[in-house]
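The values are calculated or read from the model by the stated rules, or taken from the named source; none is laboratory data. These figures come from a predicted structure and were not determined experimentally. Glycine gets a Cβ as well: all are built from the backbone with ideal geometry, and neighbour counts include every protein chain shown. Heads up: the accessible areas ignore ligands, DNA and RNA and are worked out on the full protein's heavy atoms, side chains in. Shrake-Rupley method; radii C 1.70, N 1.55, O 1.52, S 1.80 Å.
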Amino acid sequence: MIAHYKVNEYSTFKTAFDNDAEDRGNAGLSLLQLWREDNGNAWALYQVNNGKAARDYLEGAAGVFNSQAGVTSADFHMVETA
């Protein structure tokens with residue numbers, strides 16, 4: 001899965017992102033790479049180990065993370081190796 005986060009400030013996002021690692025892991029998401037585009041945009045590449053748990057997390061508990069991290073919008077794209 002590729003995720004794009006629009007954020008208020010990258011440093012706030014990164015601190016909250018690091019603190020959320022266990023919750024993401026419990027939801028079947030393993031971070032492969034995190035990129036910073038600029039102070040307001042970050043991209044993440046995840047391996048999805050449990051599709052249902054990941055979707056449930058993104059539709060529910062991720063809202064708490066988003067508010068703590070200053071995420072103003074997030075887009076998630078499930079992709080497969082071609």
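Pull up region 1-19, narrow it to residues that are within 9 Å of the chain's Cα centre (by Cα) and surrounded by 15 or more Cβ atoms within 10 Å (Cβ to Cβ), then point me to the one that is nearest to residue 71 (Cα to Cα). Step through it out loud before you land on a result.
Going through region 1-19, the residues within 9 Å of the chain's Cα centre (by Cα) turn out to be 2-5, 17.
Then keep just the ones that are surrounded by 15 or more Cβ atoms within 10 Å (Cβ to Cβ); that gives 3-5, 17.
Details: 3: 12, 4: 10, 5: 6, 17: 10 Å.
It comes out as 5.
May I ask you to list pairs of residues, at least six apart or on different chains, whose Cβ atoms are under 8 Å apart, with the first in region 67-82 being at negative phi and the second being hydroxyl-bearing (Ser, Thr, Tyr) and part of a strand (DSSP E or B)?
That search, which allows pairs on different chains as well, returns 69/5; 71/5; 73/5; 74/5.
Filter region 20-36 down to the residues that are open to solvent by 70 Å² or more (accessible area, probe 1.4 Å) and assigned to a strand (DSSP E or B), then identify the one that is farthest from residue 8 (Cα to Cα).
From region 20-36, those open to solvent by 70 Å² or more (accessible area, probe 1.4 Å) are 22-23, 26, 31-33, 35-36; that's our starting set.
Next, only the ones that are assigned to a strand (DSSP E or B) stay: 31-33, 35-36.
Values: 31: 22, 32: 23, 33: 21, 35: 16, 36: 13 Å.
Here the residue is 32.
What's the number of the condition residue 39 fails, among (1) under 16 Å from residue 70 (Cα atoms); (2) open to solvent by 80 Å² or more (accessible area, probe 1.4 Å); (3) of a type outside the set (A, V, I, L, M)?
The failed condition is (2).
Residues being out of contact with any helix residue (DSSP H, G or I) (no Cβ under 7 Å at 6 or more places or on another chain), in a strand (DSSP E or B) and either under 14 Å from residue 2 (Cα atoms) or at pLDDT below 90 (or both): count how many of those fall in region 38-72.
6
Go through (1) crowded, with 16+ Cβ neighbours inside 10 Å; (2) within 11 Å of the chain's Cα centre (by Cα) one by one and return the number of the condition residue 45 breaks.
(1)
On the basis of being open to solvent by less than 30 Å² (accessible area, probe 1.4 Å), in contact with a Ser or Thr (Cβ under 7 Å, 6 or more places away or on another chain) and not basic (Lys, Arg), does residue 71 make the cut? Show your work before the answer.
On the way: open to solvent by less than 30 Å² (accessible area, probe 1.4 Å): yes; in contact with a Ser or Thr (Cβ under 7 Å, 6 or more places away or on another chain): no; not basic (Lys, Arg): yes.
Spelling it out, it is not the case that residue 71 is open to solvent by less than 30 Å² (accessible area, probe 1.4 Å), in contact with a Ser or Thr (Cβ under 7 Å, 6 or more places away or on another chain) and not basic (Lys, Arg).
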